[in-house]
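Rule-based calculations on the coordinates, nothing more; no lab input. Since this is a predicted model, take the numbers as computed values, not measurements. Cβ placement follows ideal geometry from the backbone for every residue including glycine, while neighbour counts extend to all protein chains displayed.
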Amino acid sequence: MDTCARRRIEGVIVTAVALFWLVPIAGQSETTTATTKSDPSKTWRTSWGDPDLQGSWSNATITPLQRPKQYGTREFLSPEELKANTDARARRAQQQPFVSYEEFWYERGGFDGRTSLVFDPSDGQIPYTTEGTRRRAAFLKEGFDSWSDRDLYERCIMRNPLPRVPTAYNNNYELLQTPGYVAILQEIMHDVRVIPLDGRPHLNPTVRQWLGDSRGHWEGNTLVVETTNFTDRTDFEGAGPNMRLIERWTRVADDRIDYRFTVEDATAWTRPWSAAIGWNKVEPLFEYACHEGNRALVHVLQGARVQEAEKAAKRAN
């Protein structure tokens with residue numbers, strides 16, 4: 001790698017780290033995901049001429065990944081249905097007499113007008129294979145023999161494999177660009193993806209990484225990123241290490257990015273499938289802190305041994 005390229009990468013990473021070297025706070029402000037009108041007449045450009053995606057963004061939404069059966073092949077809610085869903089959520093919040101002590105952490109977002117994030121296949125369902133279903137269940141298993149059996153999320157090694165779909169909190173990202181590179185920092189666990197745009201090939205298939213190996217390019221105003229070289233220690237809806245991920249970011253308004261992804265893995269799904277998630281502009285991010293020194297892990301494992309002993313006693317009787 002030449003000196004200039006190395007300095008560009010180092011500059012991106014230093015900037016990303018600096019943005020997060022702040023006092024930790026509970027959570028970012030909740031962002032609704034109401035749709036924003038696209039502005040096809042406007043373009044956003046960096047000083048060197050690339051499409052400009054930079055800023056702090058959130059993909060928080062409570063739109064489900066897979067489509068509820070009652071919507072069939074309908075991709076969008078009607079305005080009346082969207083209002084009814086939003087009103088029902090507000091009523092439930094008002095009627096709830098008690099709030100969990102950790103409720104203020106959450107930033108679930110709102111409905112974005114879609115019936116599901118998955119739009120292909122047309123029924124909004126993930127087309128699992130038998131192996132994909134089995135692998136997904138294995139990652140959700142109960143009972144653990146040691147700390148090494150706990151998942152990467154709980155051990156604060158990595159939270160949310162790629163592609164990242166919205167969860168209850170920490171759905172926030174910082175996008176930074178330099179000539180030839182895009183860096184994407186996710187608030188949760190401070191993961192930084194430094195994506196080269198110079199057409200270089202992927203790493204050797206023997207090199208496997210938590211977030212895979214990403215390579216990007218521009219198609220008009222859209223950033224297209226292909227990621228391969230995943231490990232077998234992460235799980236996205238039953239996928240294995242040979243998953244191929246294609247992501248697309250297109251800025252459609254000052255405060256909105258249209259984000260879409262397509263994934264394929266013949267061992268996990270019968271066909272490739274795609275989802276769409278709106279990214280909405282938010283205030284600058286603050287640090288999310290997590291650590292592996294979780295003392296509760298001792299009690300979790302002790303509890304598992306107690307449960308095993310109780311089950312054994314029942315079988316004996």
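Here is how the numbers come out for the structure above:
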quantity	calculated
Rounded if a/c under 1.5, otherwise prolate or oblate - region 225-317, Cα gyration tensor axes	oblate
Paramagnetic reach from L140 (point 7 Å along Cα→Cβ, amide N under 14 Å) across region 64-85	65-66
Cα-projected label distance for N242 with A312, points at 7 Å along beta-carbon direction, nm	4.1
Label-point gap, in nm, between T133 and E75 - each point 7 angstrom along Cα→Cβ	2.8
Stretch gain in nm, segment R91-S47, where the contour uses 0.36 nm per residue and the Cα spacing is subtracted	11.1 nm
Least to most buried among R244, R92 (fewest other Cβ within 10 Å first)	R92, R244
Per-residue Cβ neighbour rank within 10 angstrom, fewest leading, S116, S122, S146	S146, S122, S116
